[in-house]
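Just so it is clear, none of the values below were taken in a lab; they were calculated from the coordinates. Computed from a predicted structure; not experimentally measured. With ideal geometry, Cβ positions are generated from the backbone for all residues, glycine too; neighbour counts draw on all protein chains shown.
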Number of protein chains: 2
Amino acid sequence: MDYTVEEKEVFMREALKEAEIALEHDEIPIGCVIVKDGEIIGRGHNAREELQRAVMHAEIMAIENANVREESWRLLDCTLFVTIEPCVMCSGAIGLARIPKVVYGAKNQKFGAAGSLYDILTDERLNHRVEVETGILESECAGIMQEFFRNRRKNNFSFKILRNVV
Amino acid sequence: MDYTVEEKEVFMREALKEAEIALEHDEIPIGCVIVKDGEIIGRGHNAREELQRAVMHAEIMAIENANVREESWRLLDCTLFVTIEPCVMCSGAIGLARIPKVVYGAKNQKFGAAGSLYDILTDERLNHRVEVETGILESECAGIMQEFFRNRRKNNFSFKILRNVV
C-alpha cells in the first residue's frame, strides 16, 4: 500500500513520539512505527540503556511488537517508518522480516546501512530487497538527535568542571 | 580470555547441542553459546518459526540471554561461538553488544556477513572491531545444515508426488 506525503508525515510524527519516549529515558532518541493498511501494528524506541539489551533499537522493538500482534515473523505489505537511517543490525532485521518498504527521516552518515556506510536494503545478493525513501520530516528527525548530543556534551562539560571543583 | 583448540571444540559442541534443539523444531539448525571466563553465560538457537519472531536467530537469542544474566548490554571479555557464519543482522548485533571475539564453525557463502558477503565484524569504519576465527568443528557444523536441507528437499519432493497422485 502506498501513502501520500501527508500520510507519511503523520506516521513519521508517530515515530517521533517514540523518539521522545527514548529521550525521556536519556537514550539516543530514535523512534519507529510499522504500518499495515494505514494502521500502526508495531511501535518501538531505542531502549538499550533502559532495558540493558544490546539489540533493543527502535526498529527491533517495533518488529518484535508487530510479530507478536500479527502472530507471524513475516511482515508483508508493511511500511516501516523510522526517524534515523537504520544501522547494519536493523537493516538486516528489516530484510529478515520481509518488510517491503522503509521510510526514514534523516541520514546517519556514521553508522547508516541503508545508503550511507552500506546499502543492505537494496543489495541484489540478499534474498529480499526493500524500497527505501528518505527525507520525510528530515529536520525534525535530525533535530531531536542534535539536541540530545548537544546536551550530552554540555553535561559532560559541566561534569568535568564539577570534577575539577570537587 | 583465550581458549585452547580443545576448549573451543567443547564450546562449539555446546553450540551444536543448541542447533539440535532448532532441528527438533524443524528450524534451520544453527546454535550459539556466549562464554565469559570459561563459563557459558548465554545460549541460543534459531527459533524463527517456533516463536514467529523474525529476529530470533541463534546469536540474538544468546545475546539477549547473556544481557539478562549480566544485567548489562555490554558483553565485554566474552567469546561468541556459533555453528554457522553470522548473517548481516547478527554481525551488527555482535558489534553492538561489544563482543570482542567470534568463533564460527562453517561459512555461509550465501548470507554470511563475517567474511563471505560482507566483513561487518572487521570493518574499520564501525566503532567496534571483532576478532574472527573459523573452522572449529567445521564439518559437524556444516553437516547438520546439509542434512536439514537434504531432508527438506526430499520432503518437498514427496509432497509434490503426493499432490500429483491426489
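As a rough guide to protection, the peptides B:134-141, B:96-103, A:143-150 ranked by mean Cβ packing within 10 Å, highest first, stand as B:96-103, B:134-141, A:143-150. I want the antiparallel fraction of DSSP beta bridges within the protein assembly as shown, as a percent rounded to 5. The antiparallel proportion sits near 55 percent. Shown for residue A:100: label points 7 Å from Cα along the beta-carbon vector, and their distances to the equivalent points in the other copies, 4.7 nm in ascending order.
The alpha carbons of the protein assembly as shown give a radius of gyration and a Dmax of 20.8, 86 Å, in that order. Between residue B:142 and residue B:128, residue separation times 0.36 nm minus the direct Cα-Cα distance comes to 2.2 nm. Quarter the surface of the alpha carbon convex hull of region B:1-157 and you get the mean projected area, 8.8 square nanometres.
Orientation-averaged projection of region A:1-92 equals 5.7 nm² [convex hull of Cα atoms, one quarter of hull surface area].
Note down the net charge around residue B:84, summing +1 for each Lys or Arg and -1 for each Asp or Glu among other residues with Cβ under 11 Å from its Cβ. Could you put the intermediate results ahead of the total?
On the way: positive: B:107, B:110; negative: B:59, B:85, B:138.
Once all neighbours under 11 Å are counted, the net charge is -1.
Just to confirm a number: summing +1 for Lys and Arg and -1 for Asp and Glu over residues other than residue A:134 whose beta-carbon lies under 14 angstrom from that of residue A:134, what do you get?
Value of the local net charge: -4.
When the charge dipole of chain B is built from unit charges on Cβ atoms (+1 for Lys and Arg, -1 for Asp and Glu) and taken about the Cα centre, the candidate among B:103, B:149, B:91 whose Cα reaches farthest toward its positive end is B:149.
Other chains' Cβ within 10 Å of A:54-65 residues: what's the mean?
Values: counts 16, 14, 4, 3, 0, 1, 5, 0, 0, 3, 5, 0.
Going residue by residue through A:54-65 and averaging, the value is 4.
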